[in-house]
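The values are calculated or read from the model by the stated rules, or taken from the named source; none is laboratory data. Nothing here was measured: the structure is a model prediction, and the numbers come from that model. Cβ: placed from backbone, ideal geometry, glycine included. Neighbour counts: every protein chain shown.
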Amino acid sequence: MTTAAAQPELRTTPPAHAPLIRVERLRKTYKLGRVKVPVLHGVSLDVASDETVAILGASGSGKSTLLHLVGGLDRPDRQVKNYRRCARCGYDMAGLEAPRVCPECACPAPALNERASIVFDGRNVTSLSARQLNRFRARDVGFVFQFYHLLPELTVLQNVTVGAMIRHGLGYASSAADARARAGELLDAFGLGHRLRHRPAQLSGGERQRVAIARALINKPRLLLADEPTGNLDAETGAQILDALADLREKFGLTMLMVTHDPAVAERADRVVRLHDGVIQGA
Ligand SMILES: Nc1ncnc2c1ncn2[C@@H]1O[C@H](COP(=O)(O)OP(=O)(O)O)[C@@H](O)[C@H]1O
Ligand SMILES: [Mg+2]
């Protein structure tokens, strides 16, 4: 019997080969005036190239936050000086000034300097400048959101090409033509070739989401981040969107990280992880 045949359909452990994304000890705290809202408490997660991972978790558990950080839409907390974690009980001593003993279990505190990082294909996204981060977002990542986020004044075609225009600069006629051609191909493949001049308001929810997926793929990203992509759709339309994503994965070898409440989405993933109390379980 081969090991492949022995694998269960849904893996719960990450694959052995080098990951496309390696997230380590990621922390995020929102500040509302003087109130601090800690959301992620040290998230670690590896995603292999071509893998599809579904992230489950209660509402408010930080799933969208995690996706935004991985895609460079937001920055994680800056590294805390003297970041320490008790080797015995795991007590988080971030921000404490060099304690001699762990305040929780009173063992001698080890001086660990655990840096948070998001490494994408060998590059540390957390240390990119604002300009480099813009490039990373434009080239390497595509985003799909629950509520589509299409621009209502633009046509379907313009909504899809706008990302390519931003990447290449509006002045390049050839790249504009290339972008239109690729957008046309993607929209054709999604059965929307005859709707290019329509506005988002003239489309159904499922059609809008297909436009949003085409927009996400216009710059041929290696990573697609989808935040509840079927959350606003009925089951049948949601299934069509999942079919479209599965096709794309087959065609382009996309790596996907999807946040969902929908068991149908989780079922189609290679691996399911859970975000709970600010950390990933099962990664
Ligand atoms: N920009 C923000 N400012 C302050 N708090 C935020 C912000 N974004 C999210 N939060 C809070 O962080 C927590 C996690 O939010 P989110 O990542 O959207 O969770 P999920 O996607 O799992 O529902 C929630 O308590 C939410 O209210
Ligand atoms: Mg969310």
Quiz item: What about G205, is it in contact (Cβ under 8 Å) with a residue 12 or more places away in the chain, under 30 Å from L69 (Cβ atoms) and surrounded by 21 or more Cβ atoms within 10 Å (Cβ to Cβ)?
Solution: no
Quiz item: Taking T260 and the conditions (1) surrounded by 20 or more Cβ atoms within 10 Å (Cβ to Cβ); (2) modelled with pLDDT under 90, which numbered condition does it fall short on, given that it satisfies the others?
Solution: (2)
Quiz prompt | Enumeration of residues in region 48-79 that are near ligand 1 (Cβ under 9 Å from one of its atoms) and either more than 14 Å from V279 (Cα to Cα) or of a type in the set (D, E) (or both) | solution = S59, H68, D74
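Every residue, every condition in (1) assigned to a strand (DSSP E or B); (2) within 18 Å of the chain's Cα centre (by Cα); (3) under 25 Å from Q158 (Cα atoms), yes or no:
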| residue | (1), (2), (3) |
| --- | --- |
| R197 | no, no, yes |
| A201 | no, no, yes |
| R208 | no, no, yes |
| P229 | no, yes, yes |
| N232 | no, no, yes |
| G238 | no, no, yes |
| L275 | yes, yes, no |
Quiz item: Which pairs have Cβ atoms under 7 Å, sit 6 or more apart or on different chains, and link a residue in region 59-73 that is without any contact (Cβ under 8 Å) to a residue 40 or more places away in the chain and within 12 Å of K28 (Cβ to Cβ) to one that is within 8 Å of ligand 1 (Cβ to nearest atom) and among the hydroxyl-bearing types (S, T, Y)?
Solution: none
Quiz item: Has region 33-43 got at least one residue that is under 14 Å from the mean Cα position of the chain (by Cα) and free of Cβ contacts under 8 Å to residues at least 60 places away in the same chain?
Solution: no
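Any idea which of A201, A216, A244 is away from ligand 2 (no atom under 16 Å from the Cβ) and at pLDDT below 90?
Just one listed residue meets the conditions, A244.
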Self-check item: Subset of region 18-71 that is loosely packed, with under 14 Cβ neighbours inside 10 Å and aliphatic (A, V, I, L, M) - its residue that is farthest from ligand 2 (Cβ to nearest atom)
Solution: A18
Quiz item: Quick one: G253 ticks every box in (1) surrounded by fewer than 16 Cβ atoms within 10 Å (Cβ to Cβ); (2) under 28 Å from P152 (Cβ atoms); (3) under 19 Å from the mean Cα position of the chain (by Cα) bar one, so which box is it?
Solution: (2)
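Condition check: without any contact (Cβ under 8 Å) to a residue 60 or more places away in the chain and either assigned by TED's automatic domain parsing to the domain that holds A269 or surrounded by fewer than 21 Cβ atoms within 10 Å (Cβ to Cβ) (or both). Does L233 satisfy that?
yes
Only one of S129, S174 is surrounded by fewer than 20 Cβ atoms within 10 Å (Cβ to Cβ), among the polar types (S, T, N, Q) and modelled with pLDDT of 90 or more; which? Let's see the steps before the verdict.
Values: S174 fails: modelled with pLDDT of 90 or more.
From the options S129, S174, the qualifying one is S129.
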Quiz item: Would you pick out the residues in region 33-61 that are under 23 Å from N124 (Cα atoms) and in contact with a His (Cβ under 9 Å, 6 or more places away or on another chain)?
Solution: A48, S49
